[in-house]
Amino acid sequence: MQVMATHPRELDSTVCSIARTMELIGQPWTMLVLRDLFNGVRRFDELAEHLGIARNVLTRRLATLVDAGLVTRRSYREPGQRARHEYRLTQAGHALRPVLIAVMAYGDEHLAGPEGPPVQLEHADCGAPVTVRLECAEGHRLDPTARLRVRPGPGARFRWSEPVSD
């Protein structure tokens, strides 16, 4: 017998995709490191200087991103200098772009000062503003207050440890 959850509280939250993602990107500085990588800042020294981050913290954040497969590390050498590393986003790293843009949009709408947002994103090919949309697979645009239904997916586990009997 397959049991369907009627409320998200019935599901085991330890296998939640949000929790897993936040475990990866939720550490202080990680999203800002990703932001700079998206903006083309790739070299360790440039990242440390631009972010104003302690080098040991940056080393840990980059190692976590590399270990998770979001970033690759490549060696380079300037003439007369020792070998150094630069960091590039992988396909999995690039997949986080909508997340960063959604966080930025939230900040622009709810946290920007009276002058407005500090940066604006435009599609390089046509110049139109970039937005993140919430929509269903049928193409219906949803506002943030739209009713959503939570159904257990194939990786769901239920909170109870004993099988439910009729």
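Once you put a point 7 Å from the Cα of Thr59 and another 7 Å from the Cα of Asp12, both along the Cβ direction, what distance in nm separates them?
My value for the distance between the label points is 3.7 nm.
First select every other residue whose beta carbon is under 15 angstrom from the beta carbon of Gly93; then total the charges, Lys and Arg +1, Asp and Glu -1. Before the final figure, lay out each step's value.
Working: positive: Arg35, Arg42, Arg61, Arg73, Arg74, Arg88, Arg97; negative: Asp36, Asp67, Glu86.
Around Gly93, the surrounding residues sum to +4.
Express in % the proportion of alpha carbon pairs of region 11-90 at distances exceeding 19 Å. Write out the running numbers ahead of the final one.
On the way: 1239 of 3160 pairs.
In whole percent, the share of Cα-Cα pairs in region 11-90 beyond 19 Å is 39.
Charges only on Cβ, +1 for Lys and Arg, -1 for Asp and Glu: so what's the dipole of region 1-120 about the Cα centre, in debye to the nearest 20? Please list the in-between numbers first.
On the way: 15 positive and 13 negative charges, 132 e Å.
It comes to approximately 640 debye.
Ignoring trypsin sites (Lys or Arg not before Pro) that are buried or in helix or strand per DSSP, and keeping those with at most 15 other beta carbon atoms within 10 Å, what is the longest stretch of the chain between them?
Numbers: sites that count: Arg77, Arg82, Arg133, Arg147, Arg149, Arg157, Arg159.
Here the longest run is 1-76.
Every read-out reported here was derived from the displayed coordinates using simple, explicitly stated rules and does not represent laboratory data. A quick note: this is a predicted structure, and the numbers were derived from the prediction, not measured. So basically every Cβ, Gly included, is an ideal-geometry build from the backbone, and we count neighbours across all protein chains shown.
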